[in-house]
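The values are calculated or read from the model by the stated rules, or taken from the named source; none is laboratory data. Small disclaimer: the values here were computed from a predicted structure and weren't measured. So basically every Cβ, Gly included, is an ideal-geometry build from the backbone, and we count neighbours across all protein chains shown. Surface areas here come from the heavy atoms of the whole protein model, side chains and all, with no ligands, DNA or RNA. Shrake-Rupley method; radii C 1.70, N 1.55, O 1.52, S 1.80 Å.
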Amino acid sequence: MSAELYHRIIVETAKETAKATRLETADVTVEEDNPLCGDRILLDLLVRDGKVAAVGHSTRGCLLTRAAAVVLARRAPGCSAKELGDAIASLHALLEKGEGPPLWPELAMFAPVQAVKSRHECVLLPFRALARALALIERSKGAQP
Amino acid sequence: MPTMAGRGDFDLAGLRGEFPIFAAQGPRFHYLDNAATGQICRAAAEALIDFETRARANVKRGVYRLADEATRAFEEARARIAGYIGAREAAEVVITSGTTHALNLAAHCLCARLRPGDEILLTTAEHHSNIVPWQLAGARVGATIRAIPLQTDGRLDLDRLADLLSARTRVIAATHCSNVTGAITDIGRLAEAARSVGAVLVVDGAQRAPHGPLDVQALGCDLYALSGHKLFAATGAGALWIRSDLAQELPPFLGGGEMIRRVSIESSTFAPPPHRFEAGTPPIGAALALGAAAAWLSGLDWEAIHAHEQRLLERLLAGLKAIPGVRLLGPEGTQARAPLVSFVVDGIHPHDVCQLLDTFGVCTRGGHHCAQPLHEALGVEASVRASIALYNDEADIEALLDGLEEVVRRLA
């Protein structure tokens, strides 16, 4: 079961975090930690016309966290908050109930993680950061006159 | 009971036979996460099952035969724990749910006596359970927290004691053995320092207790905490030893039944120690299991076991040093350390290492091990930890080393 987590696609995708960059200008930046291991993501979002215009991140973590951050950064641009919320929900359904396929096909690489509950948080860390960033954006809209 | 002839000549197979997990899990089971929890010994498991299925009743309340037997067994367990740690009397042992509960009790009760500006001296090597309770309790009274730093080899820099102690130091709280580096703390030196300023010394013994009987009086500390589940007993019970004259002076921790002498609507008076610190129904079955484990462990030949653990530790250290990309955290030698080792592998996250080691039947722990300040001081976020107990054998160590070489080949 453990060996199946480390298939080629996850390992290769995780390597792409080496190329990740932060945004010089962002509407919101959030920092999210995995309290079990101290893994951390710094996630930047730039939003224009109700959709994500750009994503930046710096991710320190295991292969699962890093691969999840790469997928997020690749797929989030162009999405509305609703579409991102649906993608996060589909990832939860995949991990918690084994339901699929996920809204973003790349997330299917995490299907073997469903069997290892202790590693769900590793995959979810970047998406928890995304959910918090979206909530902050929503809150700031509400604060505007 | 296994034969323990001493001088390293002992019946390891017989000893392993006293731990039901090995028969249940089969040969491809290499349990090296003993610093997180030890496997339950037969004596403890039988005590737990016997109480819960044959002799279950609440303690110190009922007058019927079964309740009386339960109370006697509970107090006998307390005495057995007292014997294992070298307490002067059983009444010095408070039954807790574990070390975390014990240290929270210590922090709550001791900080109630502090004044704003008083100081609590911790160490950088502490488990979070010996940091956070002091932060919480210290903040309520306005106490300041300071910490003894590490040397470059990961041991505590006790030469800094003179700088860190002051007339305001009221409490020193330190681990007896780091749960990350395995380094044993010189408790005698801390006791001397505590006495020099009139401070109380609290020791977290969770990692030291599974490696042989103790003499808390000789150590010179005032309070000593341990966990039953690390001491090859059940989860849910631990102990806090409090020197008897100090215990008499301390206020209660939790309020409720059992810890009182008399209650009116306006106020209450409290029972003497240890009952003052044991509000509500205690973890009776788990305490009986802890007592049974303590009694069984007290009868083993620890000279032979120490020699065995040291041999495994030496092999583990040498094997890890031979694997490219592996860096050990903390002391490199075997002197003054418990048989546990934490390490990092260049370019591979500790969780990924542990997950793949699982495919070889090797159980290790990855993460910060609830010791973030220590990891920060060592310049890493997390590590892999392999921790040895009396029942481990050479096959466990070789499985870890072989598995780790494969992990490095695959992911580095």
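Worth a mention:
- A single entry from A:LEU46, A:LEU42, A:LEU5 fulfils the requirement of being touching a Pro at 6+ places or on another chain (Cβ under 6 Å) and open to solvent by less than 50 Å² (accessible area, probe 1.4 Å): A:LEU5.
- Residue that is nearest to B:THR359 (Cα to Cα) [pool: residues in the stretch A:125-135 that are among the aliphatic types (A, V, I, L, M) and open to solvent by 10 Å² or more (accessible area, probe 1.4 Å)]: A:ALA131
The rows are residues; the columns are (1) of a type in the set (A, V, I, L, M); (2) open to solvent by 10 Å² or more (accessible area, probe 1.4 Å).
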{"residue": "B:GLY182", "(1), (2)": "no, no"}
{"residue": "B:ARG195", "(1), (2)": "no, yes"}
{"residue": "B:ARG208", "(1), (2)": "no, yes"}
{"residue": "B:LEU214", "(1), (2)": "yes, yes"}
{"residue": "B:CYS221", "(1), (2)": "no, no"}
{"residue": "B:ILE265", "(1), (2)": "yes, yes"}
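- Test result for B:PHE22, assigned by TED's automatic domain parsing to the domain that holds B:PHE360, at pLDDT 95 or above and open to solvent by less than 40 Å² (accessible area, probe 1.4 Å): yes
- Filtered residues of the stretch B:321-333 (kept if more than 25 Å from the chain's Cα centre (by Cα) and open to solvent by less than 40 Å² (accessible area, probe 1.4 Å)): B:ILE323, B:GLY325, B:VAL326
- Which listed residue is open to solvent by 20 Å² or more (accessible area, probe 1.4 Å), outside the structural domain of B:HIS108 (by TED's automatic domain parsing) and among the charged types (D, E, K, R), from B:ARG243, B:ARG276, B:ARG311: B:ARG311
- Among the residues of the stretch A:14-65, the ones that are within 14 Å of another protein chain (Cβ to nearest Cβ) and β-branched (Val, Ile, Thr) come to 4 in all.
- Odd one out for B:ALA237, checked against (1) open to solvent by less than 10 Å² (accessible area, probe 1.4 Å); (2) at positive phi: (2)
- One residue stands out among those in the stretch B:334-365 that are surrounded by fewer than 22 Cβ atoms within 10 Å (Cβ to Cβ) and free of Cβ contacts under 8 Å to residues at least 40 places away in the same chain: the one that is farthest from A:VAL123 (Cα to Cα), which is B:GLN335.
- Odd one out for B:ALA125, checked against (1) surrounded by fewer than 16 Cβ atoms within 10 Å (Cβ to Cβ); (2) in contact (Cβ under 8 Å) with a residue 60 or more places away in the chain: (1)
- Sole exception among (1) on the phi < 0 side of the Ramachandran plot; (2) open to solvent by 10 Å² or more (accessible area, probe 1.4 Å); (3) away from chain A (no Cβ under 14 Å) for B:ALA304, by number: (2)
- Checking each residue in the stretch B:372-409 for being assigned to a helix (DSSP H, G or I), open to solvent by 10 Å² or more (accessible area, probe 1.4 Å) and more than 14 Å from every other protein chain (Cβ to nearest Cβ) picks out B:GLU394, B:ALA395, B:GLU398, B:ALA399, B:ASP402, B:GLU405.
- Residues in the stretch B:253-267 that are assigned to a strand (DSSP E or B) and out of contact with any Pro (no Cβ under 9 Å at 6 or more places or on another chain): B:ARG262, B:VAL263.
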